[in-house]
Amino acid sequence: MDRHTWKPFLRRWSEDWRVAHPGEEPDGDPWLGFPPATEDEVRALEARLGCVLPPSLREFLLVTNGWRDAGNFVWRLRGTEQIGWLADLEPLWAEACADWNGEDEEPLAAGFLLVSLAADAGVIYLDSGDVDERGEWAAYDMFTWTARGPERHDSFYEKMYSFYARFHALERPQCETQREWDARIEDARLASLRGEVDRPLAVFEQARSFGRDRASFLCFQMRVLLREESHHPFHLLPTHSGTGSWTIDEGLFAAQVRPLLPAAREQAGPSGSGSTHRSLRDHGSRRVTYRFQRDRGAQRAERLLGRHQARREEPEFRVCFGNPEFDAAAHAALDAGEDAWPRLLDALVHWRPLHEDHLAPIALLADPRAARLITPERGRRILATSRG
C-alpha cells in the first residue's frame, strides 16, 4: 500500500464521511486528514522507535500525518510526533492487551506500537513481533465494551479498511461507494445463478461488512447450503425499522427462511446435539431463537411466524421447497430412497427463484431427509449448478 494508493482511498473516505455528516467537516476542512509528514519527520520517528515502520503505516504518514474519525469509535489517529510504544504511553492498556494472549506480558507488550490518540475506551496498536513477508506488522484494536480480546488484521491498511467498512455499516451514507457495492452485488448474484461459488460469496461477504443488507441475505443462502452459516438474518425480517439498506420480501422470508427454524429445533433437540444441521444449530438455544423473532413486537412478524406454525400443525403439512415444478420433483427425489441424491440434483433443472433475491433452494434443509442428505460438498454441488 503506497502513498499513491492511500490518497484516493482516503479521499473517498472523506467524501463519504461528508455525505453522512453534512456541514460537520472538522475545522471546516472536507479532508479528514492532515498535511503529510515529511521524509525527515518519518525518519525521526523511526530513529526514536529504533526500527523501520511497517510499509503501510509509513506510506500513510507521508499522505497524512494523523487522521480524524477512523470509524465510529476511533476519533483520532496519532501523527509522527505522537506515535510511540504502548507500554510507554499506556502501560495499563499494554498489560490488558498482553493478558489476552496468555503469554509473558513484558516482552510481548514491549513490541506494541500505539497509533490511536483518542478512542471510545479502546486502543489501536501494531505488533512488531507479528510480521509478514511484506514487512507489515499485524494491527489490532481492543475496546473494553466488546468483552472480546484484540481483533487482528494483517496490516495497518487492512485495519483502516475494516474501520472504513464499519463506518459504512453503521452510518450508511447514500453515496457513490454504496451504489458501487450494490452494482457489484447484483453482478455477483447473477454469477451465482450461473453456477459460480467462490467469487460471488467473496463479494457478498465484503459487501455485507459495508452494511449492504441484501448481500447479507444472499450470502446467508449460500452459506446455508454450504452448511457454514451460524446465524439467521433476523435483522432482515420484514418488520425492520427501515434504517437498513434493504428489506427482505415478506413472501420470500415466509417461504424459504421461516421453515428452517422449527426444522432446526426438531433436528437439534433440547441440547442442540445429535444434528448434522451445522448451518442452524450453532446459533444457540432454538427457544431463544424463536422467541427473539416472536418478541420483536411488530404485528407483521407475529402474523408471519404464527401462520407458518399453524400450517405445520396441520396433519397433511409438508414443506414447500419452491416453485411448483421444483417442489414436486424435489419431494419425489426425497421419496426415492437410495436414489434420492442424484434425483434431487436432476430436479434442479426445474428450480426457479421465487423473487429476485432468491438465490438457492434453501428450504430443502427444512426437511430432515434433505438435511441429512446435503453435505457441505453436495451443497457446493448445488450452488455450482446453473440455476433458474
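Observations, loosely collected:
- Around the Cα centre of the stretch 27-173, unit charges on the Cβ atoms of Lys, Arg, Asp and Glu (plus for the first two, minus for the last two) sum to a dipole of about 520 debye.
- Measuring r between the beta carbons of GLU133 and GLU24 and using R0 = 45 Å, the FRET efficiency lands at 0.65.
- Accessible area of ASP88 (1.4 Å probe, protein heavy atoms only, ligands and nucleic acids ignored): about 120 Å².
- The gain in end-to-end length when the GLU151 to ASP198 segment is fully stretched comes to 14.4 nm, 0.36 nm per residue minus the alpha carbon separation.
- Counting every alpha-carbon pair across the stretch 328-367, the share separated by more than 14 Å comes to 47%.
- Accessible area (Å², 1.4 Å probe, nearest 10) - CYS97: 0 Å²
- Sequence-ordered 3J(HN,Hα) estimates for the stretch 345-359 from the Karplus curve with 6.51, -1.76 and 1.60 and θ = phi - 60° stand at 4, 5, 5, 4, 4, 8, 6, 9, x, 7, 6, 5, 9, 8, 10 Hz, glycine and proline given as x.
- Sequence of TRP75, TRP31, TRP17 from largest to smallest accessible area, 1.4 Å probe: TRP75, TRP31, TRP17
- Each principal axis of the Cα cloud of the stretch 1-77 was taken in turn, and the coordinate range along them, longest first, works out to 42, 21, 20 Å.
- Using the Cβ-Cβ distance between GLU158 and HIS4 with R0 set to 22 Å, the FRET efficiency works out to roughly 0.75.
- Between ARG343 and ARG381, full extension at 0.36 nm per residue minus the direct alpha carbon distance yields a gain of 12.3 nm.
- In a fully extended conformation the segment linking ASP187 and CYS51 would gain 44.5 nm over its present Cα-Cα distance, using 0.36 nm per residue.
The values are calculated or read from the model by the stated rules, or taken from the named source; none is laboratory data. As the structure is a computational prediction, the values presented were derived from the model and not from experiment. No Cβ is skipped: glycine too gets one built from the backbone with ideal geometry, and neighbour counts run over all protein chains shown. Side chains are part of the model used for accessible areas, which takes the heavy atoms of the whole protein and leaves out ligands, DNA and RNA. Shrake-Rupley method; radii C 1.70, N 1.55, O 1.52, S 1.80 Å.
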